[in-house]
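Reviewing the structure listed below.
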Amino acid sequence: MPTNVSGFITVRTSSSRLPNKCLLPFGDGNVLEHVIRRAKHYEIEPIVCTSTDKSDDIIVEIAKNEGVKFFRGELRNKLKRWADCATFFDLTSFHTIDADDPFFDGVEIKSSMALLRNGSYEMVSPSKVSSSGGGSVGFSLATELISRAVSDLAQDEDTEMMWFYLEKISNIRSITLLDNPLTPKNLRLTLDYQEDYWLLESVRRIVGNYATRDCIDRLFIDNPDLYKVNWFRNEDWKLGQVAKKF
């Protein structure tokens with residue numbers, strides 16, 4: 001695949017809120033298969049980044065069936081899994097694609113990675129709307145930064161809330177993406193709860209698996225009450241993020 005952007009599709013089957021959510025039906029495959037195919041559609045090289053836990057064997061089988069690279073690392077220490085994956089594939093930088101975000105914006109991901117490289121940054125963080133549930137873009141990261149972040153951590157440290165650990169590193173060369181002023185602010189397109197799945201599957205049925213984010217934004221602008229299907233879950237999600245931090 002002719003691309004210079006590697007997307008680490010971060011995924012496990014274990015989930016307390018919605019077990020095996022990456023295996024839920026989503027069009028002509030499941031959620032993970034869709035995320036892999038969407039990355040290919042936008043000419044981003046997908047690398048499935050999962051754990052060595054036996055429960056994630058099915059994820060490796062999916063990666064093999066889709067003909068993409070995969071890496072298995074620490075179950076709880078996501079940062080170390082990323083660092084080891086980047087080292088294994090000899091990558092100096094990568095973008096994180098959460099398998100919970102099936103409608104990520106391939107164009108925005110490429111822009112984020114270009115900013116990382118051309119601006120000599122170590123980290124490009126997602127926009128406020130995206131990180132608050134919009135799910136359009138992840139983090140663009142320099143491998144060297146992640147290696148520094150995990151150097152003093154226990155191997156089995158729970159780094160699910162990875163930004164908490166990165167915030168502790170001094171003098172990071174970083175920047176945060178700006179929100180698109182045309183993007184609806186109350187937009188939850190990430191998969192954690194049953195209501196999320198209902199909305200995401202409805203969006204897919206209307207605009208298709210590979211719709212651009214501009215097209216998806218237009219859907220919500222033209223249907224101003226659509227976001228209410230799962231928006232109330234955003235408070236639960238935010239509280240969960242804070243709890244994990246501690």
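The values are calculated or read from the model by the stated rules, or taken from the named source; none is laboratory data. Just so it is clear, the structure is predicted and the values come from calculations on it, not from any experiment. Backbone-built Cβ (ideal geometry, glycine too); neighbour counts: all protein chains shown. Surface accessibility is based on the protein's heavy atoms, side chains included, excluding ligands, DNA and RNA. Shrake-Rupley method; radii C 1.70, N 1.55, O 1.52, S 1.80 Å.
Computed about the Cα centre, the dipole magnitude for the chain is approximately 200 debye when only Lys and Arg (+1) and Asp and Glu (-1) carry charge, each at its Cβ. Across every direction, the projection of the convex hull enclosing the Cα atoms of the chain has a mean area of 12.4 nm². Across every direction, the projection of the convex hull enclosing the Cα atoms of region 4-104 has a mean area of 6.0 nm². Normalised by the number of residues in region 101-154, the average gap of Cα pairs under 8 Å and 6 or more apart makes the relative contact order 37 percent. The Cα atoms of region 46-189 give a gyration tensor whose axes a ≥ b ≥ c have a/c of 1.5 or more with a/b no greater than b/c, which makes the shape oblate.
For Ser15, the solvent-accessible surface computed with a 1.4 Å probe is close to 30 Å², ligands and nucleic acids excluded.
How do Leu177, Leu187 stack up against each other in accessible area, from largest to smallest, with a 1.4 angstrom probe? Mind showing how you got there, number by number?
Numbers: Leu177 25, Leu187 0 Å².
Ranking Leu177, Leu187 by accessible area, largest first, yields Leu177, Leu187.
For the cross-link pairs Lys69/Lys228; Lys40/Lys78; Lys110/Lys185; Lys80/Lys185, the ones whose C-alpha atoms lie over 30 Å apart are Lys69/Lys228; Lys80/Lys185.
Simple rule: put +1 on each Lys or Arg Cβ and -1 on each Asp or Glu Cβ in region 127-225, find the dipole, and look at Val207, Pro181, Asn223; the Cα lying farthest toward the positive end is Pro181. If the elastic network links every pair of Cα atoms under 10 Å, which of Val11, Val150, Val207 fluctuates the most in the Gaussian network model of the chain? Between Val11, Val150, Val207, it is Val207 that shows the largest mean-square fluctuation.
Here the chain carries DSSP beta bridges of which approximately 30% are antiparallel, counting only pairs with both residues inside. Protein heavy-atom accessible surface, 1.4 Å probe, per residue over the chain: 47 Å². Relative to the current alpha-carbon distance between Ile169 and Phe89, full extension at 0.36 nm per residue lengthens the span by 26.3 nm. Sorted largest first by accessible area at a 1.4 angstrom probe radius, with every protein chain in place, the residues Arg12, Arg204 fall in the order Arg12, Arg204. Ellipticity at 222 nm from helices only: DSSP H runs of n ≥ 4 in the chain, each -39500 (n - 2.57), divided by the residue count, give -11500 deg cm²/dmol. When a 1.4 Å probe is rolled over the protein heavy atoms, the share of accessible surface on the chain that falls to carbon and sulfur comes to 51 percent. Entry note, the chain: relative contact order of 19 percent, from Cα contacts under 8 Å with a spacing of 6+ residues. Restriction of the GluC sites (Glu not before Pro) in region 32-118 to DSSP coil positions whose beta-carbon has at most 13 other beta-carbons within 10 angstrom yields Glu43.
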